[in-house]
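The values are calculated or read from the model by the stated rules, or taken from the named source; none is laboratory data. Since the model is a prediction, treat every value here as computed from it, not as a measurement. Counting neighbours? That spans all protein chains shown, and the Cβs are built from the backbone with ideal geometry, glycine included. These accessible areas exclude ligands, DNA and RNA; they are computed on the full protein's heavy atoms, side chains included. Shrake-Rupley method; radii C 1.70, N 1.55, O 1.52, S 1.80 Å.
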Amino acid sequence: MTVRKGDKMTISIQEHMAINVCPGPIRPIKQISDYFPRYSHGPTSEEGRSPTDQSDASPSDAPSSVVRATEEGQEPDSYDSDDSTALGMLEFDLYYDQQNCTLQCNILRAKGLKPMDFNGLADPYVKLHLLPGACKANKLKTRTVRNTLNPAWNESLTYCGITEEDMARKILRISVCDEDKLSHNEFIGEIRVPLRRLKPGQRKHFNICLERQIPLASPSSMTAALRGISFYLKELERAQQWEMEERGRILLSLMYSSERGGLLVGIIRCAHLAAMDVNGYSDPYVKTYLKPDIEKKSKHKTSVKKKTLNPEFNEEFFYEIEQKDLSQKCLEVTVWDYDIGKSNDFIGGVTLGTNTKGECLKHWTECMSYLNKKMEHWHTLTNELPGSTFSD
């Protein structure tokens, strides 16, 4: 076909579609078995084995690490899945003691961490948070190991007051960071473990790859609609975090005494309280109210424990009340930081009663159902201040 200079060559729609859209020859798709090595019992060549022989392979054909893990009853998390990851690997154990409501985290070692310093090494440490509701009150941290990419910590970090409700909905975030004295610390990688994967009384071993934090898309790369949705979701997430912010945990005991004709409230201890003072500690004390309190005579207050985030009180208060009236009452418990010369700081609070839910409702119902029997439960302190409580 001859085309004069300056003229445009016309192409039919059929030819256009054939040129731009036609995918060309269809190539066969590889089977997934092509990506994995085959193992044989004897000198038989791999090419001579049929697909049926491959599918009938015995456990002895598997890699030795997998066989070892199966023989020892371990789960896939307990052996090295990849020794050449970019961020490194972390080895740790988790153990939940249901009777004492404690979660024990044994941070063992890391291997092949990403270099973060100019010398090609790092100064790694590990920190733990419980999600949702991550805050300083539930952060635990190991020591820093200097100038290494293969640190060994062998430290045990323990969360107190972890209830069955927490185990069902909480996620443990384990972050590995590089400490930098001259500037801010740098994030290396993290692992998130849903606590529902743990079985009470059984230690679970992990040796898995670190992952990166998932970055949010930049607003410039979004359409106007996506930017609006993104901002809405961020604001919603902030609101939810604010509503569920945890300030620590408190161990309470309740018992209705038929002999004394009243409710006995025990303030046993607190754990992982939020730090309210500049020294990183608080001077906590606890107040209780039995509401509604028309005569305003139901307030009780413990002694102040100086410079601690894990105070032990072991104090009891008595409320004279008939058992049938407990269903119309609620117990407000608040924890405060004592300050000299200024108003005290609110740390956290919790309310128990028939209108509450979860562990609070369960504890209150048990108290009303079982007379003369002391019931102990851990409760989560939140930043929500009961409406009629003041810092006196």
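Structure notes:
- When Glu322, Glu295 are screened for being over 33 Å from the mean Cα position of the chain (by Cα), over 26 Å from Lys373 (Cβ atoms), acidic (Asp, Glu) and surrounded by fewer than 20 Cβ atoms within 10 Å (Cβ to Cβ), only Glu295 passes.
- Test result for Gly189, closer than 28 Å to Leu252 by Cβ and more than 13 Å from the chain's Cα centre (by Cα): no
- Trp364 being of a type outside the set (Gly, Ala, Ser) and closer than 23 Å to Thr102 by Cβ: no
- Some residue of segment 107-130 being closer than 23 Å to Thr308 by Cα and among the β-branched types (Val, Ile, Thr): yes
- Scanning segment 325-335 for residues that are open to solvent by less than 50 Å² (accessible area, probe 1.4 Å) and out of contact with any strand residue (DSSP E or B) (no Cβ under 6 Å at 6 or more places or on another chain) yields Leu326, Ser327.
- Which numbered condition Ala168 fails, given (1) in contact with a Leu (Cβ under 8 Å, 6 or more places away or on another chain); (2) more than 24 Å from Glu376 (Cα to Cα); (3) at pLDDT below 95: (2)
- Matching residues in segment 178-208 - criterion: being touching a Gly at 6+ places or on another chain (Cβ under 8 Å) and more than 28 Å from Ala168 (Cβ to Cβ): Ile188
- Test result for Arg197, open to solvent by 30 Å² or more (accessible area, probe 1.4 Å) and in contact with an Asp or Glu (Cβ under 8 Å, 6 or more places away or on another chain): no
- Selection status of Tyr338, in contact with an Asp or Glu (Cβ under 7 Å, 6 or more places away or on another chain), open to solvent by 40 Å² or more (accessible area, probe 1.4 Å) and of a type in the set (Ser, Thr, Tyr): yes
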